[in-house]
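Structure record follows, encoded as structure tokens.
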Amino acid sequence: MTLKNDAFPSSAAFDLISDSLSSSDAERKEAIQKGKAVLGFTLKNKEGKEDSWYIDLKDTGKVSKDVPKKVDGRLTYNI
């Protein structure tokens, strides 16, 4: 399943991050060990639309859509 949203071209980066984290159990475990955080990202485009993703480097080592209520860091960016 792709995380990319065509209304947000930079969202393709979340697929790349997800692929990287899922390519090796050892690398995913290392990322969790080093990251120790859940990071939320919200992008807003010129049309006023918004979409969100998060990277869990605390427990699962996965990238998912939407942002949970509790995150360690959040970035909102207008594109």
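The values are calculated or read from the model by the stated rules, or taken from the named source; none is laboratory data. Computed from a predicted structure; not experimentally measured. So basically every Cβ, Gly included, is an ideal-geometry build from the backbone, and we count neighbours across all protein chains shown. When the accessible area is computed, the model is the full protein with side chains, heavy atoms only, and any ligands, DNA or RNA have been set aside. Shrake-Rupley method; radii C 1.70, N 1.55, O 1.52, S 1.80 Å.
Measure nothing but the geometry: give the 0 to 90° angle between the long axis through the Cα atoms of 25-35 and the longest principal axis through the Cα atoms of the chain, rounded to 10°.
Between helix and principal axis, roughly 70 degrees.
Kindly provide the helix-only [θ] at 222 nm of the chain, computed as the sum of -39,500 (n - 2.57) over DSSP H runs of four or more divided by all residues, to the nearest 500 deg cm²/dmol?
Rounded to the nearest 500, it is -8500 deg cm²/dmol.
Roughly to the nearest percent, how much of the accessible area of the range 10-78 is carbon and sulfur, given a 1.4 Å probe?
Values: 2270 of 4590 Å².
Answer for the range 10-78: carbon and sulfur cover 49 percent of the accessible area.
Just to confirm the number: angle between the C-alpha axis of helix 12-22 and the first principal axis of the chain, 0 to 90 degrees, nearest 10?
10 degrees
Along the charge dipole of the range 10-78, pointing to its positive end and built from +1/-1 on Cβ of Lys, Arg, Asp and Glu, which listed residue (Thr42, Ile32, Ser20) has its Cα farthest out?
Comparing the listed Cα positions along the dipole, Thr42 ranks first.
For Lys36, give me every one of the lysines with a C-alpha distance below 16 angstrom, ignoring sequence neighbours fewer than eight places off in its own chain.
Lys58, Lys62, Lys70
With only Lys, Arg, Asp and Glu charged, each at its Cβ (+1 for the first two, -1 for the last two), find how big the charge dipole of the chain is about the Cα centre; round to the nearest 20 debye.
300 debye
Assign one of three labels to the chain, namely rounded, prolate or oblate, based on the Cα gyration tensor with a ≥ b ≥ c the square roots of its eigenvalues; rounded applies when a/c is under 1.5, prolate when it is not and a/b is larger than b/c, and oblate otherwise.
Oblate shape, in that a/c is at least 1.5 and b/c is the bigger or equal ratio.
Once Lys and Arg get +1 and Asp and Glu get -1 on their Cβ, which of Met1, Val63, Leu75 lies farthest toward the positive end of the dipole of the chain?
Leu75
Just the number please: accessible area per residue for the chain, 1.4 Å probe, all protein chains included, in Å².
Counting only protein heavy atoms, the per-residue value for the chain is 68 Å².
Find how much the distance from Ser24 to Asn45 grows on full extension, using 0.36 nm per residue of separation minus their present alpha carbon separation; answer in nm with one decimal.
4.2 nm
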